[in-house]
Amino acid sequence: MLCLFALTLLSAPEHDDFCFAELYARHGFVHTVSLFYHAQSGRILALWLTQLPPAISAATGISLLSAYSLTMAANAGLFLTATALAMVRAWPRAGALQLAFLTLAFASAVVGAAPSVRDLLYWLSSVTCYVPSALITILILGECVRALDRQTGFSWLFSLAMALGGFLASLGNEFTGPWLILIVFASLGARHLFGQQRQIEHHILIAAAIAVAWIIVVSASGNGTRMGQLPNSGHPIWSIFQALVDSLGGLGRFVREPAIVAWLAAVGLIALAEPDPSAQAPQKSKLLALGTIAICLACCYFAYFAHRYATGMRLVERAQNPALILLLFGSTLGVKLVVGAYRSQLRERLAASRFRGLLGPVGMPAGLMLLTFAALCLSSTAFQLRAQWQDLYPYWRESVERHIHLTTSPEPAIALPRHKWTPSLLMTADVTANADRLPNDCIARYYHKTAVYAADTAR
């Protein structure tokens, strides 16, 4: 996992990245967001964050390529930081070594099972749309479950922080807002069911902030323009059934992924080894666990449905990444709650079995290490990394050479050699024969050229 995080330094801009860079150079942050909002998309948070590399390049004088790599490395660091915060809040009694393992193992499970690692770590236009929103969502979900489990309430300051976080997350894409609204109102309903202080005003404040941001996103005129260009969009009944098929297929891959299975087994072992907390009613813990997983499954289904309805196509891999993060974190909380509810009985059965040394001071760390290591080595991402390992650095060197050529060449029209090394871990497409289409046109405008086209194209 740390190796994959380090590879962010080999990432390079492509596709929309050059369009954002060129528009930022001409118009700045606000006008660029306005142009995209009225023409293509209402994802204001993503539109803003995607302009960071050209802004860093302009402010520091470093190349766009270097600024892009640094931005992706910073995003990976923030991903790990948010994961650590989620683990700290979910496991308040865990020690430092346990928290370090939980943080790295959860991040590794996400990276190992991600439908598209490139869209999770290496392509900024995708990362900004989905990853920050997914991380804020699991933090809010974790706080709602924590408050229900520990029978505590939200302070006004904490509610304001959750409202602000939910507002920002909902500005990232079209389905995070409904996710968070469902989570917040499920929290309110669970408080009523369990006889806890409902704090209606706090929940309404958080939900209202989320709803306002979501309305801003879906009200963008660019959304209608985009749907109008897709002939199979806008069919609700067909989308409902097709999304069910799509989401069941995604759930099947989720439960078969070795990294997922190993992570949830590790969560169960750590929860089993935890010191006994104050007595909790097993029935309440079971209901809370099942409710949490059910909410996450409903959210994932909504993502598949919203994409089917808006585009007529199956949910793209980059949008499946946040669904994976949410479902994995919800399953983590569910396993922890269920094991905690039956900790005494499970410990007795384990003590009477041949695996009684599994919770010991040697068996526990060794078992977790071997389980996690084996699962990650068998993950889909590990196979992809091993297959493309030798292509990664040569691809980056070609990207650097291309940038130098575009920057220093006095020619108004540039013929670029296509990449000889094409690792799908870091890239998906190259320059084409058509100088007037993406990405050629945006590359030409950013580097102040009249045209950019593939060198093997007959002119």
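For the reader, a short list of remarks on this structure follows.
- In the set (1) under 30 Å from ARG397 (Cα atoms); (2) within 20 Å of the chain's Cα centre (by Cα); (3) part of a helix (DSSP H, G or I), the condition left unmet by GLU22 is number (2).
- Unique match (being open to solvent by less than 50 Å² (accessible area, probe 1.4 Å) and either hydroxyl-bearing (Ser, Thr, Tyr) or farther than 17 Å from LEU269 by Cβ (or both)) among GLY330, GLY334, GLY360: GLY330
- Residues being surrounded by 14 or more Cβ atoms within 10 Å (Cβ to Cβ), in contact (Cβ under 8 Å) with a residue 60 or more places away in the chain and either closer than 30 Å to PHE29 by Cβ or over 21 Å from the mean Cα position of the chain (by Cα) (or both) - total across the stretch 80-103: 5
- Selection count where residues are more than 17 Å from VAL400 (Cα to Cα) and loosely packed, with under 15 Cβ neighbours inside 10 Å, scope the stretch 413-427: 2
- Test set (1) farther than 23 Å from SER380 by Cβ; (2) surrounded by fewer than 20 Cβ atoms within 10 Å (Cβ to Cβ) - LEU64 fails condition number: (2)
- Some residue of the stretch 434-446 being touching a strand residue (DSSP E or B) at 6+ places or on another chain (Cβ under 7 Å), closer than 24 Å to TYR122 by Cβ and surrounded by fewer than 18 Cβ atoms within 10 Å (Cβ to Cβ): no
- Taking residues in the stretch 1-27 that are under 20 Å from ARG437 (Cβ atoms) and among the acidic types (Asp, Glu), and partners anywhere that are open to solvent by 20 Å² or more (accessible area, probe 1.4 Å) and assigned to a helix (DSSP H, G or I), the pairs with Cβ atoms closer than 9 Å and at least 6 places apart or on different chains are GLU22/ARG445; GLU22/TYR446.
- Flag: LEU272 does not match the condition of being crowded, with 17+ Cβ neighbours inside 10 Å, farther than 19 Å from VAL88 by Cα and either touching a residue at least 40 places away in the same chain (Cβ under 8 Å) or under 25 Å from the mean Cα position of the chain (by Cα) (or both).
- Residue ID - farthest from the chain's Cα centre (by Cα), chosen from residues in the stretch 412-426 that are farther than 18 Å from LEU4 by Cα and aliphatic (A, V, I, L, M): ALA413
- Only a single criterion out of (1) closer than 28 Å to GLN196 by Cα; (2) open to solvent by 10 Å² or more (accessible area, probe 1.4 Å); (3) touching a helix residue (DSSP H, G or I) at 6+ places or on another chain (Cβ under 9 Å) is not satisfied by ALA147, namely (2).
- Answer residue from the stretch 281-307, given it is of a type outside the set (A, V, I, L, M, F, W, C) and surrounded by fewer than 17 Cβ atoms within 10 Å (Cβ to Cβ) and is modelled with the lowest pLDDT among those: PRO282
- Qualifying residue in the stretch 309-317 (condition: modelled with pLDDT under 90 and of a type in the set (D, E, K, R)): no
- Residues located in the stretch 187-202, provided they are touching a residue at least 12 places away in the same chain (Cβ under 8 Å) and either at positive phi or buried (at least 21 other Cβ atoms within 10 Å of the Cβ) (or both): SER187, ALA190, GLN199, HIS202
- Across the stretch 337-357, the number of residues qualifying as touching a residue at least 12 places away in the same chain (Cβ under 8 Å), small (Gly, Ala, Ser) and open to solvent by less than 60 Å² (accessible area, probe 1.4 Å) comes to 2.
The values are calculated or read from the model by the stated rules, or taken from the named source; none is laboratory data. Because the structure is a prediction, the values reported are computed rather than measured. A quick note on method: Cβ atoms are made from the backbone with ideal geometry, for glycine too, and the neighbour counts reach across all protein chains shown. Only protein heavy atoms, including side chains, enter the accessible area calculation; ligands, DNA and RNA are left aside. Shrake-Rupley method; radii C 1.70, N 1.55, O 1.52, S 1.80 Å.
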